[in-house]
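Working notes, structure below.
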Amino acid sequence: MTTIAVTGSTGQVGRSVAHQLSDLAPRLIVRDPSRAPRIEGSEVRTTTYADAAASRAALEGVDVLLMVSASEARDRRDQHRTFIAAAAAAGVRHIVYTSFAGAGPDAVFTLGRDHADAEAAIRESGMDYTILRDNFYSDLLPYFADEEGVLRGPAGSGRVAAVARADVADVAAAVLRNPTAHLGSTYELTGPEALTFDEIADRAGRAIGRKLRFEHETLEEAYASRASYGAEPWQMDAWVSTYVAVAEGEVARVTDDVQRVAGHPPRTIEEGLAPTG
Ligand SMILES: NC(=O)c1ccc[n+]([C@@H]2O[C@H](COP(=O)([O-])OP(=O)(O)OC[C@H]3O[C@@H](n4cnc5c(N)ncnc54)[C@H](OP(=O)(O)O)[C@@H]3O)[C@@H](O)[C@H]2O)c1
């Protein structure tokens, strides 16, 4: 029997995947077992990506692994590489990884460069793989607004084909259910349309019952308006480059990969924000 493991099940995407696969009792690889979903027959193993020995032990006997990318951190590349190497050493045959649309060493969105590094580590590992290159999450975008309901950044009238996290989870679950059909594939997961930030503010604002608006900033203004958060430079670059990537068209392409893999159309921004997701 194939043993499937899922990381990130204490978070949004991984939790949905774990529940969707409950009939297969996936192994849940978590940092905090007290927050792991309760799924009959599912084993819970504890590790963090940066812990090579614990990760290898947690992954022994796993055939197919969903690796949800780690939370943003300065050393995220090392964390990912450690966990990917542990998976290969533990004998995982097939790894499914949540990457980013436009991942590449020169990606405008700076975190897209981290994802390119993880993808490279996966390709070099010798494991079979499926890469899910997620666009920005549509159900998170309205929460970038400040207390006054203003989304601000150097996005101009650029467009973003943002995807609902629920669709990312549906695709990941479909891949894990039938992994051999997706060996070596890279999917670019997007919503059904590419929206400007003006459109996002309007439509997402209505969906969550909050008046939102978008204000374009220059690069200089973007760094200045975020300075009071006291974030490290890599974090500031990630925040600001989110908008620059939109301005430059890096995340504007709409694909039919959600439909092809999950078997249903991608959710609109309103559907992604609906309470049932
Ligand atoms: N495309 C986008 O717009 C976008 C936006 C935000 C994030 N992301 C990426 O997409 C991923 C999934 O999104 P989500 O909404 O499901 O995130 P989430 O709700 O924050 O969940 C992240 C999950 O990953 C686990 N995790 C994080 N860092 C880890 C590490 N170093 N070692 C082991 N487990 C770790 C977390 O465990 P804990 O519960 O213990 O923290 C949690 O279960 C995020 O982790 C992030 O990499 C993409």
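The values are calculated or read from the model by the stated rules, or taken from the named source; none is laboratory data. Note that the coordinates shown come from a computational prediction; the quantities given were computed from them, not determined experimentally. Every residue, glycine as well, gets a Cβ built from its backbone with ideal geometry; the counts of neighbours run over all protein chains shown. Note: accessible area is taken over every heavy atom of the protein model, side chains too, but ligands, DNA and RNA are not part of it. Shrake-Rupley method; radii C 1.70, N 1.55, O 1.52, S 1.80 Å.
When ALA103 is tested against the conditions (1) in a helix (DSSP H, G or I); (2) in contact with an Asp or Glu (Cβ under 8 Å, 6 or more places away or on another chain); (3) not β-branched (Val, Ile, Thr), the lone failure is (1).
Residues that are closer than 16 Å to PRO265 by Cβ and touching a Ser or Thr at 6+ places or on another chain (Cβ under 9 Å) within segment 168-194 comprise VAL168, ALA169, ASP170, TYR187, GLU188, LEU189, THR190, GLY191, PRO192, GLU193, listed in sequence order.
For segment 1-26, which positions are more than 14 Å from the ligand (Cβ to nearest atom) and under 22 Å from the mean Cα position of the chain (by Cα)? Residues satisfying the conditions are ILE4, LEU21, SER22.
Could you check segment 146-188 and list, in sequence order, the residues that are away from the ligand (no atom under 16 Å from the Cβ), within 25 Å of VAL244 (Cα to Cα), open to solvent by 10 Å² or more (accessible area, probe 1.4 Å) and in contact (Cβ under 8 Å) with a residue 40 or more places away in the chain? Result: ARG152, PRO154, GLY156, SER157. Counting the residues of segment 46-97 that are away from the ligand (no atom under 14 Å from the Cβ), under 13 Å from THR7 (Cβ atoms) and either open to solvent by 30 Å² or more (accessible area, probe 1.4 Å) or polar (S, T, N, Q) (or both) gives 0.
Each row is one residue, and each column tells you yes or no for (1) under 15 Å from the mean Cα position of the chain (by Cα); (2) part of a loop (DSSP other than H, G, I, E, B).
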{"position": "ARG38", "(1), (2)": "no, yes"}
{"position": "GLU72", "(1), (2)": "yes, yes"}
{"position": "ASP78", "(1), (2)": "no, no"}
{"position": "ALA88", "(1), (2)": "no, no"}
{"position": "GLY112", "(1), (2)": "yes, no"}
{"position": "ALA121", "(1), (2)": "no, no"}
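Answer yes if at least one residue in segment 237-251 is in a helix (DSSP H, G or I), closer than 22 Å to ALA73 by Cα and touching an Asp or Glu at 6+ places or on another chain (Cβ under 7 Å), and no otherwise. Checking segment 237-251: at least one residue is in a helix (DSSP H, G or I), closer than 22 Å to ALA73 by Cα and touching an Asp or Glu at 6+ places or on another chain (Cβ under 7 Å).
Among the residues making up segment 131-145, those that are open to solvent by 10 Å² or more (accessible area, probe 1.4 Å) and outside any helix (DSSP H, G or I) are ARG133, PHE136, TYR137, ASP139, LEU140, ALA145. Among the residues making up segment 123-139, those that are of a type outside the set (A, V, I, L, M, F, W, C) and either within 8 Å of the chain's Cα centre (by Cα) or closer than 19 Å to GLY191 by Cβ (or both) are ARG133, ASP134, ASN135, TYR137, SER138, ASP139. Looking only at segment 100-117, residues that are surrounded by 23 or more Cβ atoms within 10 Å (Cβ to Cβ) and within 10 Å of the ligand (Cβ to nearest atom) come to 6 in all.
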